[in-house]
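Encoded as structure tokens, the structure appears first; notes follow it.
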Amino acid sequence: MIDPYDIIGVARDANTASIKAAYRRRAKTAHPDSGGDVETFARLKAAYELLLDPVRRKVYDDTGYDPELADTKDLKGLMVLEKLINEVILDEREPGSFDPIATIRRKLTNEIVNARFHIMEMERHRARIRNHMDRVGKRPSADVFGSMLRARSDAIADAIEKAEAQIKDIEQAYGMLDGYSYDVEVEIETRNAAE
């Protein structure tokens, strides 16, 4: 994630006047008319707008997330996590009685395994189609059958590419959970039995 405080060059508790002053200093050199980079200036402006908006700033401070400043791959990872976070929120078990982070990690691992298995199956089907294509004698005029097989092969190749992109998104989401831990309460009965 991109840190707007770092981009502007202010502390997390900076007031509006400090943010404006720091923005003006950075904008002088970052602006494209002053020889700066268009992309860098756009990020500077987005960070400035976020920090001046009290609602967006609070959301960012609470979550570390703002859609306008996030990397595309981070956004894709967040979308994967969002679905699983909703499942954790809807879980009827008492907070502290299970580890939601470990639960999400298991689900992400299962999704990766399932996607890889699906890719293997698609590759097997694609190989069979190619085998048929190699054995089909072509008609001198229109190759309808060959065209149909090629179209199926191309469609499978596209599906494989999408599944591989999905795996990358899931792996990004998994990496976003690095460093987290969760304290699970041990039930009193379990403690007494152990003693």
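Descriptive notes on the structure:
- Candidate lysines for bridging to Lys83, where Cα separation is under 28 Å - those fewer than 8 sequence places away on the same chain excluded: Lys58, Lys73, Lys107, Lys162, Lys168
- Straight Cα distances below 19 angstrom link Lys28 to the aspartates and glutamates Asp6, Asp37, Glu39, Glu49, with same-chain residues fewer than 8 positions distant left out.
- On Cα atoms only, tilt of 100-135 relative to the major axis of the chain in degrees: 30 degrees
- Taking one quarter of the surface of the convex hull spanned by the alpha-carbon atoms of the stretch 4-70 gives a direction-averaged projected area of 4.1 nm².
- The stretch 39-195: radius of gyration over Cα atoms, expressed as a fraction of 2.2 N^0.38 Å: 1.61
- For the chain, averaging the sequence separation of C-alpha pairs within contact (under 8 Å, six or more residues apart) and dividing by the residue count gives a relative contact order of 23 percent.
- Cα-projected label distance for Ser181 with Leu90, points at 7 Å along beta-carbon direction, nm: 3.1 nm
- Summing Cβ point charges (Lys, Arg +1; Asp, Glu -1) relative to the Cα centre of the stretch 74-195 gives a dipole of roughly 1500 debye.
- Among Ala127, Ala163, Ala173: highest mean-square fluctuation, GNM of the chain, C-alpha pairs under 10 Å: Ala127
- Inter-site label distance for Ala127 and Ser18 at 7 Å from Cα along Cβ, in nm: 6.2 nm
- The distance between label points at Glu39 and Leu52 comes to 2.5 nm (points 7 Å beyond Cα on the Cα→Cβ vector).
- Theoretical FRET efficiency, 1/(1+(r/R0)^6), r = Cβ-Cβ of Asn114 and Ala142, R0 30 Å, to 0.05: 0.15
- Separation of alpha-carbon centers, the stretch 1-34 and the stretch 72-149, rounded to whole Å: 42 Å
Laboratory data are not the source of any read-out in this text; all were calculated from the coordinates shown. None of these values were measured; they are calculated from a predicted model. Virtual Cβ from ideal backbone geometry, glycine too; neighbours counted across all protein chains shown.
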